[in-house]
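Participant: There's a structure below that I have some questions on.
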Amino acid sequence: MTQTIHIVGGGLAGSEAAWQIAEAGHRAVLHEMRPRRGTEAHRGEGLAELVCSNSFRSDDAHGNAVGLLHQEMRSLGSLIMRAADAHQVPAGGALAVDRDGFSAAVTAALAGHPNVTVVREEVEGLPPEEWGPCIVATGPLTAPALAEGIRGLTGRDSLAFFDAIAPIVHRDSIDMEVAWFQSRYDKPGPGGTGADYLNCPMDREQYDAFVAALCAGEKIGFKEWEGTPYFDGCLPIEVMAERGPETLRHGPMKPVGLTNPRAPDRKPCAIVQLRQDNALGTLYNMVGFQTKLTYSEQVRIFRTIPGLENAEFARLGGLHRNTYLDSPRLLDATLRLKARPALRFAGQITGCEGYVESAAVGLMAGRFAVAEAMDAPLQPLPQTTALGALIAHITGGHVSAEEGGGPRSFQPMNVNFGLFPPLDRMPRGEAGRRLRGPEKAALKKRALTDRARADLAAWMAGDIAVPAAAE
Ligand SMILES: Cc1cc2nc3c(=O)[nH]c(=O)nc-3n(C[C@H](O)[C@H](O)[C@H](O)COP(=O)(O)OP(=O)(O)OC[C@H]3O[C@@H](n4cnc5c(N)ncnc54)[C@H](O)[C@@H]3O)c2cc1C
């Protein structure tokens, strides 16, 4: 039977979700508030407007996680990828698009689809229950009345209006000859062992140079409409440094309750702590290091921290206006709100980050909604695929600091190889030669993406994507 599924928000995620639903033979009613009501960042009235850069980042499906995500979306019939490919502009190994042509193509494809109705209206407050299944994809600048409605349903702390992103480091790039595992005062806390944090020690000279670098480093300003979205509990690391040379070592870098096993008699001047970020244990976040430093400055300055000289960053820090849910707590594995399962969420509001990731989550939300309408549940996506890794992180893969008694810690995440389960066996060179450096990294990425392609193909063969709706 054909079902009608409502989608709120005609951005990257909502447009893709509507397309997937319509292509599966169901009716999609897409509610987009522009041009009747604008946002601080959108300029036009087209669907899937790119609000800033025109890049979908790397298109390398063998060496880059977002390139793999492109490939997976293409193989699942993504409208966003089809329009991006058709409106590509030269950008080396990246996929960049002519933003107007891209948005016009998405708008025309949806407007011309017999199963899609586009309604230009703001959904003020929660979508009415009589709509039945509904996907909310209203993005980082969700209109206030709907945001308030969501907060009323889920609790005030469950929907954030700003992010405060600390950099995340691949665990296997941290130098364990320098760093050590220990929780402050060896406290196990709930769910911990007493050795849950990775600690990187600094002597006085290193600390003073680090503070000076933070103060001098190039920063990104806030947009006028963003205001200054921080308060004393979550100051950017460089703002703390500017408050005085001792501030950081009495704040997030305090060296108390920790002993360096390699120099137990020498007290470090300061310590940078990293906390496990995902259940796989492949990613660690730099505690208290939210920042407005530019990305290149973050890499340069944070690699001066002892133990992080060769750090590979899965995500760099930032602070932005951004409306997003505490998804690992609130959403089930198919992106439904536990408190009201008729509502599904998609796009940046789920805590993914980026155009491609938002569209990818929209794609899966559309498919989950269709599967539910058909009463034919989808097999979970293998976490070894880029789509599966991203959804798994949003819906539960992140390890919350709350579990250890800390504050809410889920922050927006882009797709990256740290979200993928590690390989069973590291690839080796010819005649079983052990590999190192860039050669090892390239072969590892190749093995991860090959595994993803094989697993996605198997998943698609098992489910044959979404069955077409019977008339
Ligand atoms: C200023 C800014 C710059 C960014 N720059 C980049 C970048 O360069 N690269 C990148 O990859 N990512 C960027 N992002 C992050 C993010 O990937 C994009 O915001 C992306 O567009 C998110 O897709 P989405 O579909 O979730 O939301 P959006 O694309 O924002 O779509 C949401 C849609 O919902 C509509 N809407 C909101 N509330 C309602 C309502 N109540 N009723 C009806 N319609 C509603 C909005 O008008 C909008 O069209 C940026 C974000 C912001 C805010």
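The values are calculated or read from the model by the stated rules, or taken from the named source; none is laboratory data. Everything numeric here is computed off the predicted structure, so don't read it as measured data. Neighbour counts are summed over all protein chains in view; Cβ atoms, including those assigned to glycine, are modelled from backbone coordinates with ideal geometry. All accessible areas refer to the heavy atoms of the entire protein, side chains included, with ligands and DNA or RNA removed. Shrake-Rupley method; radii C 1.70, N 1.55, O 1.52, S 1.80 Å.
Participant: Whole number in Å², please: accessible area per residue of segment 333-423, 1.4 Å probe, ligands, DNA and RNA not counted.
Facilitator: So segment 333-423 comes to 28 Å² accessible per residue, rounded to a whole number.
Participant: Spelling out what I want: for every residue of segment 59-67, take phi, set θ = phi - 60°, compute 6.51 cos²θ - 1.76 cosθ + 1.60 (Karplus), and round to whole Hz; glycine and proline get x.
Facilitator: 9, 7, 7, 10, x, 9, 5, 6, x
Participant: If I model segment 89-172 as equal point scatterers sitting on the Cα atoms and use the Debye formula, what is log10 I(q)/I(0) at q = 0.12 Å⁻¹?
Facilitator: Listed by q, the Debye log ratios stand at -0.67.
Participant: Rounded to whole Å, give me the distance from the Cα center of segment 106-140 to that of segment 436-459.
Facilitator: 37 Å
Participant: Could I ask something else about it? Distance from a point 7 Å along Cα→Cβ of ASP208 to each backbone N in segment 248-280: keep the residues under 20 Å and list them by number.
Facilitator: Once the point is set 7 Å along Cα→Cβ of ASP208, 248-251, 253-255, 266-272 turn out to lie under 20 Å by backbone N, inside segment 248-280.
Participant: Show ARG315, ARG300 ordered by accessible area, largest first, where the area counts protein heavy atoms only and the probe is 1.4 Å.
Facilitator: Ranked from most to least accessible, the order is ARG300, ARG315.
Participant: Run the accessible area of the chain with a 1.4 Å probe and give the carbon-and-sulfur part as a rounded percent.
Facilitator: Carbon with sulfur: 53 percent of the solvent-accessible area.
Participant: Nothing charged except the Cβ atoms of Lys and Arg (+1) and of Asp and Glu (-1): what's the magnitude of the dipole of segment 167-316 about its Cα centre? Round to the nearest 20 debye.
Facilitator: Its charge dipole is roughly 280 debye.
Participant: Next up: Kindly provide the GluC sites (Glu not before Pro) of segment 236-279 that DSSP labels as loop, not H, G, I, E or B, and whose Cβ sees at most 15 other Cβ atoms within 10 Å.
Facilitator: GLU246
Participant: Can I ask one more? Can you tally the net charge around GLU40? Count Lys and Arg as +1, Asp and Glu as -1, for every other residue whose Cβ sits under 11 Å from the Cβ of GLU40.
Facilitator: Neighbourhood net charge equals +1.
Participant: Hey, can you grab everything whose amide H is under 5 Å from the amide H of LEU283? Only 5+ residues off in sequence or another chain; H modelled, so Pro and N-termini drop out.
Facilitator: When sequence neighbours closer than 5 places are left aside, the close amide H contacts are ARG171, ASP277, ASN278.
Participant: Compute the helix-to-body angle for 12-23: its Cα long axis versus the longest principal axis of the chain, expressed 0 to 90° and rounded to tens.
Facilitator: 40 degrees
Participant: Starting from the amide H of LEU435, placed 1.01 Å from N in the peptide plane, find each other amide H under 5 Å away whose residue is 5 or more places distant or on another chain.
Facilitator: When sequence neighbours closer than 5 places are left aside, the close amide H contacts are GLY429.
Participant: A further question follows. If contacts are Cα pairs under 8 angstrom and at least 6 residues apart, what is the relative contact order of the chain in percent?
Facilitator: 21 percent
Participant: Compute the separation of the alpha-carbon centres of segment 332-362 and segment 150-202 and state it in Å as a whole number.
Facilitator: Their Cα centres are 24 Å away from one another.
Participant: Would you please give the FRET efficiency between GLU122 and LYS267, computed as 1/(1 + (r/R0)^6) with r the Cβ-Cβ distance and R0 = 45 Å, to the nearest 0.05?
Facilitator: The computed FRET efficiency comes out at 0.20.
Participant: How are the Cα pair distances of segment 167-316 distributed, in percent, across 5 Å bins from 0?
Facilitator: P(r) over segment 167-316, rounded to whole percents: 2, 9, 18, 23, 22, 15, 8, 3, 1, 0, 0.
Participant: Let me ask something additional. How long is the gain from ALA461 to LYS440 if the chain were fully straight, where each residue apart is worth 0.36 nm and the alpha carbon distance is subtracted?
Facilitator: Gain in length upon complete extension: 4.4 nm.
Participant: Here's a follow-up. When only Cα pairs under 8 Å and 6 or more residues apart are kept, what is the percent relative contact order across segment 167-316?
Facilitator: About 41 percent, as a whole number.
Participant: Less than 26 Å apart at the alpha-carbon level, and either on another chain or at least 8 residues along: which lysines does that give for LYS267?
Facilitator: LYS187, LYS254
Participant: In addition: Just from its helices, what would the mean residue ellipticity at 222 nm be for the chain, if runs of 4 or more DSSP H residues each count -39500 (n - 2.57) and the sum is divided by every residue, rounded to the nearest 500 deg cm²/dmol?
Facilitator: -9000 deg cm²/dmol, from helical runs alone.
Participant: Here's a follow-up. On full extension of the chain, what length is gained from HIS62 through LYS338, given 0.36 nm per residue of separation minus the C-alpha to C-alpha distance?
Facilitator: Gain in length upon complete extension: 95.8 nm.
Participant: Next up: Restricting things to alpha carbons, tell me how big the chain is in terms of Rg and Dmax, in Å.
Facilitator: 22.8, 76
Participant: Next question. Measuring from centroid to centroid over Cα atoms, what is the spacing of segment 6-38 and segment 383-400 in Å?
Facilitator: 24 Å
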